[in-house]
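The values are calculated or read from the model by the stated rules, or taken from the named source; none is laboratory data. As the structure is a computational prediction, the values presented were derived from the model and not from experiment. For neighbour counting, all protein chains shown are included, and Cβ atoms are generated from backbone atoms with ideal geometry for every residue, glycine included.
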Amino acid sequence: MLGSDMSMIPVALTIAGSDCSAGAGVQADLKTFQHFRVHGLTAVTCIVSETANVVRAVHPVPVEIVRDQITLLLESFPVAAIKTGMLFSAAHVTAVAKILGKFPEIPLVVDPVMIASTGAPLLEPDAMAAYRELLLPRARVITPNLPEAEALLGERIPDAGALESAARRLAGEFCTAVLLKGGHLEGADCLDLLADEGEVYRFSAARIAVAGSHGTGCTLSAAITAALSQGESLPKAVETAKIYLGETLRQSYLFQSPSGGVIHALNQGTAFCKNGT
């Protein structure tokens, strides 16, 4: 591809951790961007020794290196949308928020990564205040799952009937759109709610029975970011991302581990079309 055609490819930036098993983090984001024909950029915040089954260690990247990655990329590329994933510490959150505050015209998707699917903590306790005060109010949309939303609200969300109230309260508190993911609730269907500019959009789909869900939050937020970089409205971007995530789950697969057991993986590749067929 040569000449003016190159400028037609949207550019999206992910600021997140590196997952060595490539199911989540910047690896999942890049595979998702590639699926949507978006040029993906990465600023790595942490190196995580993990698989879908275990988080062994988290190695934070020095804040000054994170800052340099982001600054260089924003100086060099026409970034059309940005997402954040695992930021780990208050210092990382503060540095990222300060830089992104200089680019309010670029839509920002914040996936407030706090706890791994294995239950391991991925956010230092003092980072929550920095998230709340500095980063979440800068977002176009935040994408908390149920435990993350409960941590932000300081109370439980007991059932599907409480989702709308919770989503509206979070949207009001942080002055941003909120995609509250209800997949942790029991039931045959999974319900996600988008609260955006006073409206609430419901996205319901049948629960897909898979062995694991490592990387679903990263994949969904990356797909939303990709769609926003292509100029889609936020409700349409969420709809597009939900279709894509459903396909990654339906076409997921398992590996036999040499040490015993199995490891589950989403299929974030291009084995299916953009419209989910």
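Assorted remarks:
- Selection status of residue 95, more than 19 Å from residue 126 (Cβ to Cβ), small (Gly, Ala, Ser) and either surrounded by 20 or more Cβ atoms within 10 Å (Cβ to Cβ) or at pLDDT below 95 (or both): no
- Of all residues in segment 195-234, those satisfying the criterion of being β-branched (Val, Ile, Thr) and within 18 Å of residue 253 (Cα to Cα) are 208, 210, 216, 219.
- Lone qualifier among 162, 209 - being over 19 Å from residue 35 (Cβ atoms) and either part of a helix (DSSP H, G or I) or touching a Phe, Trp or Tyr at 6+ places or on another chain (Cβ under 9 Å) (or both): 162
- Every listed requirement among (1) of a type in the set (Phe, Trp, Tyr); (2) free of Cβ contacts under 8 Å to residues at least 60 places away in the same chain; (3) surrounded by 16 or more Cβ atoms within 10 Å (Cβ to Cβ) is met by residue 103 save one, (3).
- Selection status of residue 28, within 18 Å of residue 143 (Cβ to Cβ) and not in a strand (DSSP E or B): yes
- When restricted to residues that are crowded, with 20+ Cβ neighbours inside 10 Å and under 16 Å from residue 33 (Cα atoms), segment 229-241 contains 5.
- Qualifying residue in segment 107-117 (condition: modelled with pLDDT of 95 or more, in a helix (DSSP H, G or I) and of a type in the set (Val, Ile, Thr)): no
- Residue satisfying condition, being buried (at least 17 other Cβ atoms within 10 Å of the Cβ), over 19 Å from residue 137 (Cα atoms) and modelled with pLDDT of 95 or more, within set 226, 265, 195: 226
- Residue check for residue 18: at pLDDT 95 or above, under 14 Å from the mean Cα position of the chain (by Cα), of a type outside the set (Lys, Arg) and farther than 22 Å from residue 242 by Cβ: yes
- Looking across 66, 44, 55, 48, one residue alone is over 21 Å from residue 238 (Cβ atoms) and out of contact with any helix residue (DSSP H, G or I) (no Cβ under 7 Å at 6 or more places or on another chain). It is 55.
- Candidate set from segment 25-59 (those that are among the charged types (D, E, K, R) and buried (at least 18 other Cβ atoms within 10 Å of the Cβ)); member that is modelled with the lowest pLDDT: 50
- So residue 187, is it at pLDDT below 95, on the phi > 0 side of the Ramachandran plot and either touching a Phe, Trp or Tyr at 6+ places or on another chain (Cβ under 8 Å) or in a loop (DSSP other than H, G, I, E, B) (or both): yes
- A single member of 157, 208 is in contact with a Lys or Arg (Cβ under 7 Å, 6 or more places away or on another chain), surrounded by fewer than 23 Cβ atoms within 10 Å (Cβ to Cβ) and modelled with pLDDT under 95, and it is 208.
- Given (1) within 30 Å of residue 8 (Cβ to Cβ); (2) touching an Asp or Glu at 6+ places or on another chain (Cβ under 9 Å), index of the condition residue 90 fails: (1)
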